Amino acid sequence: MLATGKTRKITINPVTRIEGHGKVTIHLDENGHVTQARFHIVEFRGFERFALGRPYWEVPVMIQRLCGICPVSHHLCAAKAMDWIVGGERLSPCAEKMRRLMHYGQMFQSHALHFFHLSSPDLLFGFSSDVARRNIIGVIQAHPEIARRAVLMRKYGQEVIKATSGKKIHGTGAIPGGINKNLSTTERDALRRDIGQMIEWSQAAVKLVKDIRAKDPTFFDSFGAFESNCVSLVRADGALDFYDGGLRAKDAEGNIIFDHVRPMDYLDYIREEVRAWSYMKFPFIRSLGKEKGWYRVGPLARVNNCDFIPTPLAEEERKEFRAATGGKPSNSSLHYHWARMIELLHAAELMRDLLNDPDLQSSDLVRRGLRREETVAILEAPRGTLFHHYCVNANDEVTLINLIVSTTNNNEAMNRVVQKIARDYLEGQVITEGLLNHIEVGIRAYDPCLSCATHAVGQMPLVVTLMGSQGQTLDMKARGAGCPQS
Amino acid sequence: MTTLVLGYGNPGRQDDGLGPALAEAVAQWAFPNVRVLDNYQLNIEDAAELAQVETAVFADAACTGESAFVWQVLRPAPKIAFTTHALAPQSLLALCQDLYQRIPRAFLLAVRGYQFGFGDDLSRLAQQNLKRALAFLLPLLRQPVQQWPDFFGPSTHQRTDAACGQSSSRSHFGE
């Protein structure tokens, strides 16, 4: 604990079961009341510099190395961007459906992993239960069937990715203007065999979340709840769409702020703020300004924003979800889990439909057209909206890159959830196990991905800054990206 | 008898790609009884793969140590905390044991790397270490697993601390 002028600062480090290194600071006033809470995320802007000067056709493969957790999202978003560069944005039906299948496979495995592996222990055993038990091993022992399903659902999603992208590391399935392979009938039949089971287990997962909520709906709905705007892609008819569409923003009451914004126009609507205490930018809705324009992205935002979900089982669940908040957008952080499982079900239904679509066996793979020099693509990654912005010169070299990843979009929202939980659960001026647990649960609901590439967790740069009550830097300590030499 | 060689790491982070590079080389040997997988990291679905083989070799980058590589037997660690989206091999073995009531005999082949920034290529020293590790592994894959050593490396080596994910998270979070 560190005293800085009139403000006392409590530092919690680390936040477990979240990728990489996270640090939380809670600022108290002289009376011990929470004035501010910050979730510090170390973001790597270096990758953008690394990619400059590369030929544009390398980008979809190269950019996925940014993140070992969600490489498919970066692969597909970059490919969408480069479609525009080569004038191939009107993909062949085979190419678009292959990419969608890849994306749905990624959505499915990511949501299954997050819920069953990272979050279900909290929800099944209670936030204050023994940390030693509150993990996937605990789930295996108490709920073996749930744990077994988690492994097989995750494996199924990975098989879909492998069949559509070619391989797990550095998949090359999507290329500028299309894809480089279709789905063979052998691959299709193998995936068809288990898809019915995946849908059934997804329905059970939605039910599991609803059963957990039903035990104490007041707590479930109010934990980490705060009003926010929501941003996501929607299809032209307002449907939920993970792969393509226009940007929609809604306020906490459900009023539309902007709608069907084309990716190329995103800078007219979204801006990024830099704050002295964080390397991570804070995006905001331009028309609302920095103070009021921050927003949520991800499953909760998507299910809040869409007018309907275009598969029947998931749409039924969306209606029930919406009814729980009286038809208004949900502002509960734990509802992320509920929305995530509805999306899991939707992804499974979408995969089933595509596996019965003969377009996936077509040999019409690539389209090209008018060459362009600037491009923006937006994709709904499992954790939320992902922006890729590139410029490419006449020599085919990338000259500008700006990425806004999902976790960056949720940056302020994660700060708010920490602040809300700190105000609700901080007792005195000590960090109890209970408070730590509640903060972890709150942040985990947003499924932040902080790894940004390497699995060598501690090798990521770490910068710790101590700020005084007047904003002055009291101390700064940095650890570089290289390995410590033994 | 089937052996699974599972190389993991990110080839876009220089020497962090040692695991996948080793897996790629082993795949080219095309042993009929050796199955090869690579990925950015280990995850829960790999438990299902482990349950189907008799022997498993986890190939990872090491970020500490004085030798080119370290080889050691692995045992499940059921009490280890899960801290990230990725799993340590010991945790994966524990998961496999609990889910499928069986585990393969498992080994870690941790190849020393030096540079972990953005970049596609292994450092020169890491390439040399990879060659040595492959030269060590090749004859083993031709022998019965009963003849494989439990450990090969410097006597001062700290068990399992060679793997980046393990050592770094421990020292990092312990500070």
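The values are calculated or read from the model by the stated rules, or taken from the named source; none is laboratory data. Model, not experiment: these values are computed from the prediction. Because the Cβ atoms are built from the backbone with ideal geometry, glycine has one as well, and the counts that use them run over all protein chains shown. Accessible surface areas use protein heavy atoms only, side chains included; no ligands, DNA or RNA. Shrake-Rupley method; radii C 1.70, N 1.55, O 1.52, S 1.80 Å.
For A:Ser184, the solvent-accessible surface with a 1.4 Å probe is about 40 Å², rounded to the nearest 10. Gap in Å between the Cα centre of segment A:223-285 and the Cα centre of segment A:408-446? Here the two parts' Cα centres lie 23 Å apart.
In the neighborhood of B:Gly12, defined by Cβ-to-Cβ distances under 11 Å, what is the net charge if each Lys or Arg adds +1 and each Asp or Glu adds -1? Let's see the in-between values first.
Details: positive: A:Arg65, B:Arg13; negative: B:Asp16, B:Asp120, B:Asp121.
Here the charged neighbours net out to -1.
Between A:Phe226 and A:His33, the C-beta separation translates, for a Förster distance of 22 Å, into a calculated FRET efficiency of about 0.80. Once the chain from B:Gln146 to B:Asn33 is taken as fully extended at 0.36 nm per residue, the excess over their C-alpha distance is 39.1 nm.
Can you bin segment A:218-305 into rounded, prolate or oblate? Criterion: square roots of the alpha carbon gyration tensor eigenvalues sorted a ≥ b ≥ c, rounded for a/c under 1.5, prolate for a/b above b/c, oblate for the rest. It comes out oblate by the Cα gyration axes. Based on Cα contacts under 8 Å between residues 6+ apart, chain A shows a relative contact order of 24 percent.
Which entries of A:Lys250/A:Lys319; A:Lys23/A:Lys420; A:Lys80/A:Lys167; A:Lys210/A:Lys328; A:Lys167/A:Lys281 show an alpha-carbon separation above 26 angstrom in the structure shown? Before the final figure, lay out the partial values.
Values: A:Lys250/A:Lys319 18 Å; A:Lys23/A:Lys420 16 Å; A:Lys80/A:Lys167 19 Å; A:Lys210/A:Lys328 18 Å; A:Lys167/A:Lys281 33 Å.
Distance filter (> 26 Å) returns A:Lys167/A:Lys281.
Summing +1 for each Lys or Arg and -1 for each Asp or Glu among the other residues whose beta-carbon sits under 12 angstrom from that of A:Val303 gives +1. The value of relative contact order for segment B:1-139, using C-alpha pairs under 8 Å at least six residues apart, is 32 percent. Close amide H contacts of B:Leu74 (hydrogens built in the peptide plane, cut-off under 5 Å, sequence separation of 5 or more or a different chain): B:Ala106, B:Phe107, B:Leu108. Calculated FRET efficiency, A:Thr185 and A:Lys215, Cβ-Cβ r, R0 35 Å, to nearest 0.05? Efficiency, rounded to the nearest 0.05: 0.15. In this structure chain A gives 35 Å² per residue of accessible area when probed at 1.4 Å with all protein chains present.
Straight-line cross-link reach from A:Lys162 at under 18 Å between alpha-carbon atoms covers these aspartates and glutamates, not counting any fewer than eight positions away in the same chain: A:Glu96, A:Glu187, A:Asp189, A:Asp194, B:Glu24, B:Asp38, B:Glu45, B:Asp46, B:Glu49. Amide H contacts of B:Asn10 (H built 1.01 Å from N, in plane; Pro and chain starts excluded): A:His455, B:Gly17 sit under 5 Å, all sequence-distant by 5 or more or on other chains.
Net charge in the neighbourhood of A:Leu288 (other residues with Cβ under 11 Å of its Cβ; Lys, Arg +1, Asp, Glu -1) is +2. Put simply, the Cα atoms of chain A extend 69, 54, 52 Å along their principal axes, the longest span coming first. Using θ = phi - 60° in the Karplus curve 6.51 cos²θ - 1.76 cosθ + 1.60, the 3J(HN,Hα) couplings for segment A:332-349 round to 8, 5, 5, 5, 3, 5, 4, 4, 4, 6, 5, 5, 4, 5, 4, 4, 5, 5 Hz; x is entered for Gly and Pro. Amide H contacts under 5 Å for B:Arg35: B:Thr3, B:Leu4, B:Val5, restricted to partners 5 or more places along the chain or on a different chain, H placed in the peptide plane at 1.01 Å from N. Were the residues from A:Glu316 through A:Gln197 laid out at 0.36 nm apart, the gain over their Cα-Cα distance would be 40.9 nm. Buried area at the A:B interface is about 4700 square angstrom, summed over both chains, from accessible surfaces computed with a 1.4 angstrom probe. Note on B:35-47: average number of Cβ atoms from other chains within 10 Å of each residue's Cβ is 6. For segment A:101-169, the square roots a ≥ b ≥ c of the C-alpha gyration tensor eigenvalues yield an a/c of 1.5 or more together with a/b exceeding b/c, which makes the shape prolate.
Summarising the label geometry, the points placed 7 Å from Cα in the beta-carbon direction at B:Ser123 and A:Asp259 lie 5.6 nm from one another.
Note on chain A: with neighbouring protein chains present and a 1.4 Å probe, carbon and sulfur make up 50 percent of its accessible heavy-atom surface. Just check segment A:51-130 against the gyration tensor rule for me: Cα atoms, a ≥ b ≥ c as the square roots of the eigenvalues, rounded for a/c under 1.5, and otherwise prolate or oblate depending on whether a/b exceeds b/c. Note, shape of segment A:51-130 comes out oblate.
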